[in-house]
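Student: Can you read through this structure? Questions will come right after.
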Amino acid sequence: MRAPELSKEPAPQAGSGAARPAGIAAVPRERLGQARVLIVGDVMLDRYWFGDVNRISPEAPVPVVHVQRQEDRLGGAANVARNAAALGANAGLLCVVGGDEPGERIVELLKDSGVATHLERDPELSTTIKLRVLSRQQQLLRVDFENTPAHEALLAGLARFDALLASHDVILMSDYAKGGLTHVTQMIAKARAAGKSVLVDPKGDDWERYRGATLITPNRAELREVVGQWKSEADLHARVDALRASLEIDALLLTRSEEGMTLFTADGEALTAPADAREVYDVSGAGDTVIATLAVMLAAKLPLVDAVALANRAAGIVVGKLGTATVDYDELFAPNAR
Ligand SMILES: Nc1ncnc2c1ncn2[C@@H]1O[C@H](COP(=O)(O)OP(=O)(O)OP(=O)(O)O)[C@@H](O)[C@H]1O
Ligand SMILES: [Mg+2]
């Protein structure tokens with residue numbers, strides 16, 4: 001007998017001792033190898049500079065960091081794509097990058113990650129980069145570079161989207177509000193007309209642009225920005241149902257950090273998966289792992305509730321990792337590991 005990983009109980013608090021679910025059966029590797037997910041959205045580079053601080057600057061009352069090491073990681077939609085590829089799926093990534101060094105670095109890192117990249121270059125664009133300066137494990141400063149891609153690059157991306165649609169099963173929109181998804185409403189309409197599921201990781205307070213999506217995966221703050229603060233689980237449910245109906249979105253998966261995640265669909269019942277983490281080291285990027293896992297499992301034709309249970313399991317694994325932000329097939333399904 002299979003124990004359900006999702007329940008109809010309201011979200012329990014972290015550490016409430018919820019029993020570890022027995023888990024759902026492993027999906028054969030070959031099945032994931034046939035899953036084709038197209039990720040569209042804002043890519044970025046996460047750069048870390050590590051160094052020592054031994055003095056205060058004579059120019060201003062600030063520390064002087066002597067940088068000794070640099071580390072680069074794929075961020076945003078590129079991190080989502082990397083997560084889908086790590087599970088063994090065919091991950092395609094459609095995005096815009098600049099002709100600058102961070103853009104080159106993203107291309108280079110993507111080559112090693114097994115993602116099929118479909119890049120539009122915009123020579124005027126500053127590729128989005130978040131630079132952190134760290135000393136002794138402490139972040140001293142974060143410096144962001146970004147601007148909005150040019151109209152022509154976005155239109156070229158839209159044409160490329162049309163061409164890529166037929167060869168993918170699930171379309172994933174990873175919105176970080178950097179302008180890469182300017183044409184998201186049109187893309188969703190085209191994908192749905194072609195019979196594809198569309199998953200959206202939203203940003204900002206205008207969700208009209210996501211009209212007609214299959215499933216949307218906000219975190220608590222993102223949902224609050226759109227429906228306001230809910231007073232109870234019942235109130236939350238009512239607000240989500242009204243939102244889904246008005247935007248014609250089939251399902252909403254609310255990710256709730258230490259409270260796990262809750263799935264709302266037209267079926268009426270809200271299904272909650274308690275947080276599945278054994279240890280929590282680094283929660284950043286967990287949302288990327290959630291939507292990537294969901295997309296891969298839906299592309300492999302799993303039922304939505306099973307896909308959600310596996311996404312929750314993947315999130316529980318990834319928050320226990322420092323540094324790397326992906327979960328691979330063995331980690332997700334290895335019988336002895338979980
Ligand atoms: N502190 C935590 N303890 C246990 N599980 C966590 C914790 N934070 C996140 N998770 C797991 O990761 C999932 C996604 O996290 P969260 O709701 O914070 O998404 P998010 O804000 O979009 O993340 P990010 O934008 O940083 O990638 C949660 O549903 C849960 O399964
Ligand atoms: Mg997120």
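Student: At 1.4 Å probe size, put Glu108, Glu222, Glu59, Glu152 in order of accessible surface, largest to smallest.
Tutor: Ranked list, largest accessible area first: Glu59, Glu152, Glu108, Glu222.
Student: Could you check the spin-label model distance between Asp100 and Arg211? Points 7 Å from the Cα along Cα→Cβ, value in nm.
Tutor: My value for the distance between the label points is 3.5 nm.
Student: Output the Cα-based Rg and Dmax of the chain in Å, rounding Rg to one decimal and Dmax to a whole number.
Tutor: 20.2, 69
Student: Counting only protein heavy atoms and a 1.4 Å probe, tell me what percentage of the chain's accessible area is made up of carbon and sulfur.
Tutor: 51 percent
Student: Rounded to the nearest 5, what % of the DSSP beta bridges within the chain are antiparallel ones?
Tutor: Bridges in the chain are about 45 percent antiparallel.
Student: Just to confirm, what accessible area per residue do you get for the stretch 81-142 at 1.4 Å probe, in whole Å²?
Tutor: Value returned for the stretch 81-142: 46 Å² of accessible area per residue.
Student: So which of Lys130/Lys301; Lys203/Lys301; Lys111/Lys203; Lys190/Lys301 end up more than 32 Å apart by C-alpha?
Tutor: Lys130/Lys301
Student: Still on this structure, please answer the following. Take Gln139 and Ala266, extend 7 Å from each Cα along the Cα→Cβ direction, and tell me the distance between the two endpoints in nm.
Tutor: 4.1 nm
Student: Over the stretch 173-248, what is the relative contact order in percent, taking alpha-carbon pairs closer than 8 angstrom and at least six residues apart?
Tutor: 27 percent
The values are calculated or read from the model by the stated rules, or taken from the named source; none is laboratory data. The shown structure was predicted, so the numbers you read here are calculated from the model rather than taken from an experiment. As a convention, Cβ positions derive from the backbone with ideal geometry for all residues, glycine included, and neighbour counts pool all protein chains shown. Each accessible area value is taken on the protein alone, full model and side chains, heavy atoms only, with ligands, DNA and RNA left out. Shrake-Rupley method; radii C 1.70, N 1.55, O 1.52, S 1.80 Å.
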